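Where a number appears in this text, it was derived from the coordinates with a stated rule and is not lab data. These figures come from a predicted structure and were not determined experimentally. Positions of Cβ are generated from backbone atoms using ideal geometry, with glycine treated the same way; all protein chains shown enter the neighbour counts.
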Amino acid sequence: MALNEEVSGTGASGPGRNLEEEIRRFWDADAPTYDDSSSHRPRDPAVLAAWTAALAHLLPPAPARVLDVGAGTGFLSLIAARLGHTVTALDLSPQMLSRLQRVARAEDLEIEVVTGQAASPPEGFDVVMERHVLWTLFDPADALGSWRRAAPNGRLVLFESVWGSVDSLEALRSRARQVLRRLRSEPSAHHGSYSDSLRQSLPLGSGTPPARLVQMAGAAGWHRARLERLRDIEWAERCTLSPLERLLGVQPRFSVVAD
């Protein structure tokens, strides 16, 4: 089963050191080409501006202490730092974090990096955010609880999308988009794919249903969960597509925010 090309992020916690090491190796190997995909690091000015507006809207007023879990090469971390926040980037992959550091230094941004598991974060934050990380975790419910402890009086911001088995119509559109990419000989967004055994061991390995994420956040001690469709980001992404691609649409994006 191939990795969903429009999903990104890293992190792991749980039942087997060998599986955790398999995940770390995967993302270390993916690091050199990860940012080549526009779904991982958009380069279109309008798409980047839409993401910046989303973070400015959903994060607390700057300066806040922000923990970016599964930060990868730092797409969210860099935006938050540009907005004036104090950012700590946590990821299982040192190679991903190394890429983040190079970009941060080039922009003269101070971002602390921590190599470690998503479920074992440092503490003392005003907000915990993630993008497409929960599906990669062996125990996402436990991770959400650990993030509550990392920001006991803070905010949770999940950046997620509809993919996999969550919506049958969207799954058809996603497959059609992947076929079109192959016909155009476009490179894959990843260097390879998770093994079937690894994917099947992940509770959210087949998709991230919005209702389930809201429920899990509440069970982990987060309150007043709000769900918001990220339509401006979707619109900006559609503007970059050809007419045929626009007919197939873009991956639906949403955020879950809780206090």
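Between residue 142 and residue 247, the distance separating the two model label sites (each 7 Å from Cα on the Cα→Cβ line) works out to 4.8 nm.
What is the list of residues in region 198-222 whose amide nitrogen lies under 17 Å from a point 7 angstrom out from the Cα of residue 165, following Cα to Cβ? In region 198-222, the label zone of residue 165 (backbone N under 17 Å from the point 7 Å along Cα→Cβ) covers 198-213. The slack in the chain from residue 231 to residue 149, taken as 0.36 nm per residue of separation less the alpha-carbon distance, amounts to 26.4 nm. Extension gain for residue 212 to residue 106 (0.36 nm times residue separation, less C-alpha to C-alpha distance): 34.2 nm.
Modelled spin labels at residue 201 and residue 240, positioned 7 Å past Cα toward Cβ, are 3.4 nm from each other. Between residue 219 and residue 193, residue separation times 0.36 nm minus the direct Cα-Cα distance comes to 6.2 nm. Over the chain, Cα pairs under 8 Å with separation of 6+ residues give a relative contact order of 23 percent.
Helical content of the chain, expressed as a calculated mean residue ellipticity at 222 nm, amounts to -13000 deg cm²/dmol (DSSP H runs of 4 or more residues, -39,500 (n - 2.57) each, divided by residue number, nearest 500).
Applying a DSSP loop filter and a limit of 15 other Cβ atoms within 10 Å to the GluC sites (Glu not before Pro) in region 92-188 leaves 107, 110, 123.
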